[in-house]
Amino acid sequence: MNDKTKELMRIDDTFVMHTYGRFPVVLEYGEGAYVYDTEGRKYLDMVGGIAVNMLGYGNKKLASAIGEQAARLMHTSNLFYTAPQSLLAEKLVKLSGLKKAFFCNSGAEANEAALKLARKAAKLTENPRKTRVISAYNSFHGRTMGAITATGQAKYQKNFAPLVPDFDYIEYNNLEQLENAVDKNTCAVIMEPVQGESGVHPAEKEFLAAVRRLCTENKAAMILDEVQTGMGRTGRMFAFERFGVKPDILTLAKMLGGGFPIGACLAGEGYQDVFAPGDHASTFGGNPLAATAALTTLKICEEEGLVENADKTGAYLRGLLKGAECVKEARGFGLMIGVEFEKPIAKKILAAGFEEGIILNAIGDSVIRLVPPLILTEAQAEEAAGKIGRCIKKALEND
Ligand SMILES: *Cc1c(COP(=O)(O)O)cnc(C)c1O
């Protein structure tokens, strides 16, 4: 390790709170699907800033659009109209079939907006007890107080009690528990169409159909958290298209700005005019710079057919991985892939990845998650499968 790398790591360890277990690698710049560190090593990035960098690194069109907008009008308040935000809202409404958008800066904030919107909508009914929110175990919805309450995993909630009242949890894909949980006092059901953070577990079609039906019958908001699955990740612009259901409220973030921070909460029929001025706000939400980044990312996504590419290249990559040694299952849709191994070797595979020049993400002991940029080519999918194959061999050798 060179002196520059060591010194940068020392400064970070001294002055940044230790909320992350960081790898001993300092990333410096990137190009396309590759990223380089301060040691001059090159990595094929199969995680893409955790499912964020739709266009990979260093996209010139996106960088110059951001640069031009920064020079023109970077930030102003939401007390004024600005063209990029209005046009982005129109674009997202057209793509999703929902009605209106609220902008924020992250996935957790998008879910906070969704939960507040559902609670407000329920307040407008005659039932004062209509406050319950149903979410799934092993879900992930973010790290704010509302979002960790919705996140059905004890490890994220411990140390932070008391949480937000009136949340209930059910097993994902368990129809019976769902039927028993949803009633007239339910104000929202929040689900990911594919659970990402817990290892890429897709919903069953009947499960999301039942969520849709029960929400409609009980006048509860169906919230789909597509923070990770949205914007083409699964080979559809939105994962809900794969399930034949439409949510009342849809949350987006991760890939939306192509790496620039922005989140959105979209509201469908009956929910689009529930918030009144003063009910919810965000100082930075949807500012001209962030909205321009999102508009430009979407434009490039469409011009380059990246949603179709995610579908095609993702299926190809899954096929390659299914044939690899020790692989029990390669599941998911598009470029959202969970690879489960027959042995608890995920962490060793990840470590071997740094030697092989590939960035991977481990979930628990026996799953790796691949959420690469949507620009991934077939040749890069082959490169990834080859490198992962060698990582598996190394992991098995020192098992
Ligand atoms: C990443 C993620 C979030 C949280 O997004 P942040 O931008 O980190 O707040 C919420 N929901 C899902 C499904 C996610 O994958």
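Since every read-out is calculated from the coordinates, none of them should be taken as a lab result. Only a predicted model underlies this, so the values are computations on that prediction, with no experimental measurement involved. Please note: Cβ atoms are built from the backbone with ideal geometry, for glycine as well, and neighbour counts cover all protein chains shown.
Laid out as a table, the results:
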item: Debye log10 I(q)/I(0) at q = 0.17, 0.20, 0.22, 0.25 Å⁻¹ for segment 225-282, Cα point scatterers; result: -0.62, -0.80, -0.91, -1.04
item: Segment 168-209: Rg to Rh, with Rh as the Kirkwood radius over Cα pairs; result: 0.97
item: Expected 222 nm ellipticity per residue - DSSP helices of 4 or more, -39500 (n - 2.57), all of the chain, to 500; result: -12000 deg cm²/dmol
item: Using alpha-carbon coordinates, inclination of helix 3-15 to the longest axis of the chain, degrees; result: 30
item: Between segment 128-172 and segment 18-45, the Cα center-to-center distance that results, in Å; result: 33
item: Segment 117-268: Rg to Rh, with Rh as the Kirkwood radius over Cα pairs; result: 0.94
item: Listed residues ILE134, ASN111, ILE148: farthest to the positive end of the dipole of segment 103-149 (Cβ charges); result: ILE134
item: Over 19 Å (Cα to Cα) - which of LYS328/LYS393; LYS219/LYS246; LYS60/LYS100; LYS130/LYS246; LYS348/LYS394 fall in this group; result: LYS60/LYS100; LYS130/LYS246
item: Viscosity 1.002 mPa s, temperature 20 °C, Stokes-Einstein D of segment 25-183 from Kirkwood C-alpha radius, µm²/s; result: 109
item: Kirkwood Rh and Cα Rg combined as Rg/Rh, segment 305-398; result: 0.95
item: Point-to-point label distance, ILE50-ASN159, nm (Cα→Cβ direction, 7 Å offset); result: 1.5
item: Convex hull (Cα only) mean projected area of segment 266-309, reported in nm² to one decimal; result: 4.6
item: Euclidean distance of C-alpha centroids, segment 293-320 and segment 234-275, integer Å; result: 17
item: Among THR377, THR297, THR186, residue whose mean-square fluctuation peaks in a GNM of the chain (springs only between Cα atoms under 10 Å); result: THR377
item: Cα-Cα separations in segment 125-191 greater than 16 Å, expressed as whole percent; result: 46
item: Largest to smallest principal axis extent of the C-alpha atoms in the chain, angstrom; result: 64, 53, 43
item: Once the Cα gyration tensor of segment 1-81 is diagonalised, semi-axes √(5λ) in Å; result: 29, 19, 13
